[in-house]
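Q: This is the structure I want to talk about, given as structure tokens.
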Amino acid sequence: MFEKIKALISEKMELDPSLIVPTAQFVEDLKLNSLELADLVVLCEEEFGVEIDEDDIHTLLTVEDLVNYLEDRA
Amino acid sequence: MNKFFSTKEKREIQNLRDLLLGSRDLYGTKDYFRYKRGGEIKNISFADFASETERLTAALFEMGLSGKAIAVIGETTPEWVMTYIATVNAGGIIVPLDRELQHEEICGFLNKAECAAVFHSPAFTESFENSRDKLPLVRYFVELPTNKKKYADSHPYAEDDDSVKEEPLRPQLPLPEGKLPFSAVSLRGKVLLDCGDTSADDYEADMDRLCAILFTSGTTGTSKGVMLSQRNLVSAINSSHRSTEFSYDDILVSVLPTHHTYEMTCGILTPLLIGATVCINESLKTVLKSMMLYRPTALVLVPLYVSTIYKKIWDTAEKTGKKKMLETALKASGVTMKVGLDLRKMLFSTVRAAFGGRLKMIVCGGAPLNPEFVPRFDEFGISIVEGYGITECAPLISVNPAFAKKYHSVGPAVAGLESRIDAPDDQGIGEICVKGPNVMLGYYRDPDATDAVMDEEGWFHTGDCGYIDEDGYIFITGRQKNVIVLNNGKNVFPEEIEEHLLDMNLVRECVVVGRDNEEGQTVGLTALIFPDFDRARAMGLDDLTATTEAIKKEVAILNRTLPAFKQIRGIEIRQTEFVKTTTKKIKRHKVNEE
């Protein structure tokens with residue numbers, strides 16, 4: 001799952017893959033703003049067929065959080 | 001007529017009921033709102049919206065809520081807006097709350113404002129059910145319909161039933177207190193009106209009486225309740241209408257939360273005044289989809305959206321191999337514009353296509369906008385009308401008009417509002433002060449805080465610094481207050497976050513600041529921390545790196561309990577104490593100079 005998400009973030013958000021580690025924080029390390037994070041969430045929903053509640057987005061601070069969220073619901 | 005305001009004849013309203021009923025008569029079956037419900041696009045006309053709001057108003061009178069505080073909390077829906085208007089029209093006090101607040105804070109605000117009813121989206125039903133004992137004054141919990149798929153769709157309105165011919169009977173029993181669906185309140189209102197109820201007609205609005213309490217950011221203890229009168233609201237709506245160039249033909253997409261007075265005044269009530277259609281974006285996740293679906297001609301945004309849109313334009317151009325073409329088009333457009341030929345619509349059709357292809361104006365406020373964006377969007381044929389406001393002014397202070405724009409300025413004060421600079425320095429820079437019908441009544445049950453911002457001559461001290469040029473245009477240069485204004489329009493009081501940090505064992509002193517990115521936009525909070533090194537050593541953390549890592553872990557745990565805009569995005573550890581005043585308070589303004 002992590003590798004898939006890493007590839008997705010790197011491609012769609014145009015980020016250097018080496019930055020995308022499990023502990024990377026979306027806002028602080030990957031420099032995504034809340035709208036870009038919402039965009040990423042939509043991409044993940046489409047890719048993995050999991051609905052991410054808008055109210056849960058603020059709890060997804062790191063790449064690892066997103067991986068765990070998707071794994072729990074996949 | 002002031003030279004800064006459009007000379008076109010414009011409608012002005014006397015009160016919110018005049019706004020509602022006038023728009024019903026003027027715009028009738030035209031769509032006021034378009035929104036998604038149950039997966040389908042629905043619409044409600046100006047006439048139907050007014051009719052439903054009138055029903056709700058009649059019901060509120062009967063429920064004994066005239067003169068009482070009524071809270072509304074939830075995502076944007078037509079019913080949320082109806083609740084706001086009906087409360088004011090029934091002589092109540094509307095208390096819009098931020099749905100991102102934690103439950104304890106929501107209860108705190110409901111009690112502080114002594115709310116007798118709360119209209120809430122289904123997301124709050126369970127938490128309110130479990131907190132009844134903490135909310136002794138709340139008599140009605142009315143569940144609003146929702147746009148969210150995860151809650152079952154309800155039928156919010158009383159159906160018109162023409163088959164009933166007999167004279168309707170006025171209900172003998174009052175609506176039961178406790179939990180009620182919106183549809184039950186709507187139905188009661190319909191029956192009352194069918195029985196000839198004239199409560200709303202008989203009620204004479206006192207324009208200077210309290211009609212809205214808007215809590216500023218912070219916790220129940222630190223937040224201030226801005227008290228607005230109907231005169232404040234009406235004046236701000238009329239000003240917004242005169243200063244922006246919205247028209248009857250405009251279609252807006254509402255993306256900002258309605259508990260913000262900026263969105264409510266400029267993005268919801270101004271379109272009601274002018275007959276423009278508002279399409280409701282259902283979630284942060286669907287912003288771009290909504291643009292393509294509803295194809296707006298105008299948007300009311302905060303800087304975060306404007307900078308993201310700009311980035312998106314260039315990212316899309318690069319991905320589709322059109323970056324060079326876009327750069328060439330920009331140069332060509334500049335040349336043709338100089339000879340009076342406006343080819344922007346044609347040259348930048350692909351740029352505008354990303355937002356539905358019809359976007360021509362963005363009203364931007366809520367936080368300072370990087371001034372570079374204004375000419376850049378102008379080049380694409382999208383005019384940015386920047387405004388400056390503060391909740392205490394309902395919220396409009398000034399608008400930089402599209403037809404007399406000065407770059408880097410937030411424009412002249414809106415009609416009816418006077419502006420001046422208090423204690424200007426030799427460059428004319430001082431605190432921006434305003435006086436006029438937009439200015440609040442004061443802070444709710446806080447005369448000391450009110451006295452601190454309102455002087456004896458009635459001038460409201462904004463806490464923002466700047467200067468006013470010879471044409472009356474306001475230029476903002478900084479802030480006096482500690483509040484951090486993020487580029488998404490959210491205000492954060494650093495003291496609130498600092499309290500959380502100081503609860504941590506390893507933090508001895510701290511200051512929370514807003515750090516700017518490369519574009520000069522304040523995007524998130526940074527905590528400057530002086531650790532408690534003695535305690536760190538006692539915990540076996542021998543060096544700075546270990547202490548820093550331990551603090552970062554604690555901050556990450558804290559962040560999970562905070563709404564996104566209050567989360568700490570950066571941590572800077574320092575090895576010396578902060579500079580303090582003689583009373584041992586940290587000198588905040590010195591922090592950035594160190």
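The values are calculated or read from the model by the stated rules, or taken from the named source; none is laboratory data. Keep in mind that what you see is a predicted model, and the values were worked out from it rather than measured. Cβ placement follows ideal geometry from the backbone for every residue including glycine, while neighbour counts extend to all protein chains displayed.
Q: Taking region B:87-103 as the region of interest, how many residues are out of contact with any Pro (no Cβ under 8 Å at 6 or more places or on another chain), more than 26 Å from residue B:193 (Cβ to Cβ) and in contact (Cβ under 8 Å) with a residue 40 or more places away in the chain? Steps first, answer last, please.
A: Pass one, region B:87-103, residues out of contact with any Pro (no Cβ under 8 Å at 6 or more places or on another chain): B:87-97, B:103.
Narrowing further to those that are more than 26 Å from residue B:193 (Cβ to Cβ): B:97, B:103.
Remaining after also requiring in contact (Cβ under 8 Å) with a residue 40 or more places away in the chain: B:97.
Adding up the residues that qualify gives 1.
Q: Could you tell me how many of the residues in region B:374-389 are in contact (Cβ under 8 Å) with a residue 60 or more places away in the chain, part of a helix (DSSP H, G or I) and crowded, with 19+ Cβ neighbours inside 10 Å?
A: Total satisfying the criteria: 1.
Q: Residues of region A:49-74 being buried (at least 18 other Cβ atoms within 10 Å of the Cβ), more than 13 Å from every other protein chain (Cβ to nearest Cβ) and not β-branched (Val, Ile, Thr), which ones?
A: A:66, A:70
Q: Of the residues that sit in region B:439-489 and are within 16 Å of residue B:425 (Cα to Cα) and of a type in the set (Phe, Trp, Tyr), which one is surrounded by the most Cβ atoms within 10 Å (Cβ to Cβ)?
A: Within region B:439-489, the match that is surrounded by the most Cβ atoms within 10 Å (Cβ to Cβ) is B:475.
Q: Residue check, residue B:26 against (1) more than 24 Å from the chain's Cα centre (by Cα); (2) part of a strand (DSSP E or B), all met but one. Which one?
A: (2)
Q: How about region B:405-425: which of its residues are assigned to a strand (DSSP E or B) and either farther than 18 Å from residue B:235 by Cα or free of Cβ contacts under 8 Å to residues at least 12 places away in the same chain (or both)? Break it down into steps so the answer makes sense when it comes.
A: Taking region B:405-425 as the starting set, the residues that turn out to be assigned to a strand (DSSP E or B) are B:411-413, B:418-422.
Selection gives B:420, B:421, B:422.
Q: Regarding region B:341-360, can at least one residue be identified that is under 24 Å from residue B:519 (Cα atoms), under 24 Å from the mean Cα position of the chain (by Cα), modelled with pLDDT under 85 and within 14 Å of chain A (Cβ to nearest Cβ)? Walk me through it before giving the result.
A: Of region B:341-360, the ones under 24 Å from residue B:519 (Cα atoms) are B:348, B:351-352, B:354-355, B:359-360.
Now narrow it down to the ones that are under 24 Å from the mean Cα position of the chain (by Cα): B:355, B:359-360.
Still in the running and modelled with pLDDT under 85: B:355.
From what is left, the residues that are within 14 Å of chain A (Cβ to nearest Cβ) are B:355.
Yes; the residues of region B:341-360 include at least one that is under 24 Å from residue B:519 (Cα atoms), under 24 Å from the mean Cα position of the chain (by Cα), modelled with pLDDT under 85 and within 14 Å of chain A (Cβ to nearest Cβ).
Q: Tell me, which residue of region A:13-27 that is surrounded by fewer than 18 Cβ atoms within 10 Å (Cβ to Cβ) and within 10 Å of chain B (Cβ to nearest Cβ) is nearest to residue B:255 (Cα to Cα)?
A: Filtering first and then ranking leaves A:14.
Q: Go through region B:564-582 residue by residue and tally those that are surrounded by fewer than 16 Cβ atoms within 10 Å (Cβ to Cβ) and assigned to a loop (DSSP other than H, G, I, E, B).
A: 7
Q: Oh, and also: With respect to residue B:113, determine if the residue is closer than 30 Å to residue B:292 by Cα, surrounded by fewer than 24 Cβ atoms within 10 Å (Cβ to Cβ) and either out of contact with any Lys or Arg (no Cβ under 6 Å at 6 or more places or on another chain) or of a type in the set (S, T, N, Q) (or both).
A: On the way: closer than 30 Å to residue B:292 by Cα: no; surrounded by fewer than 24 Cβ atoms within 10 Å (Cβ to Cβ): yes; either out of contact with any Lys or Arg (no Cβ under 6 Å at 6 or more places or on another chain) or of a type in the set (S, T, N, Q) (or both): yes.
Spelling it out, it is not the case that residue B:113 is closer than 30 Å to residue B:292 by Cα, surrounded by fewer than 24 Cβ atoms within 10 Å (Cβ to Cβ) and either out of contact with any Lys or Arg (no Cβ under 6 Å at 6 or more places or on another chain) or of a type in the set (S, T, N, Q) (or both).
Q: Looking at residue B:527 and the list (1) closer than 24 Å to residue B:217 by Cβ; (2) in contact with a helix residue (DSSP H, G or I) (Cβ under 7 Å, 6 or more places away or on another chain); (3) surrounded by fewer than 16 Cβ atoms within 10 Å (Cβ to Cβ); (4) of a type outside the set (Val, Ile, Thr), which single condition is not satisfied?
A: Of the numbered conditions (1) closer than 24 Å to residue B:217 by Cβ; (2) in contact with a helix residue (DSSP H, G or I) (Cβ under 7 Å, 6 or more places away or on another chain); (3) surrounded by fewer than 16 Cβ atoms within 10 Å (Cβ to Cβ); (4) of a type outside the set (Val, Ile, Thr), the odd one out for residue B:527 is (3).
Q: For region B:198-237, how many residues meet the condition of being within 21 Å of residue B:267 (Cβ to Cβ), modelled with pLDDT under 95 and among the polar types (S, T, N, Q)?
A: Qualifying residue count for the region: 2.
Q: Right, next: Assess whether residue A:66 counts as being within 11 Å of the chain's Cα centre (by Cα) and at pLDDT 90 or above.
A: Working: within 11 Å of the chain's Cα centre (by Cα): yes; at pLDDT 90 or above: yes.
So residue A:66 fits the description; yes.
Q: I want to confirm something. Restricting to region A:29-48 and keeping residues that are surrounded by fewer than 18 Cβ atoms within 10 Å (Cβ to Cβ) and within 20 Å of residue B:570 (Cβ to Cβ), which single residue is farthest from the other protein chains (Cβ to nearest Cβ)?
A: Among them, the one singled out is A:29.
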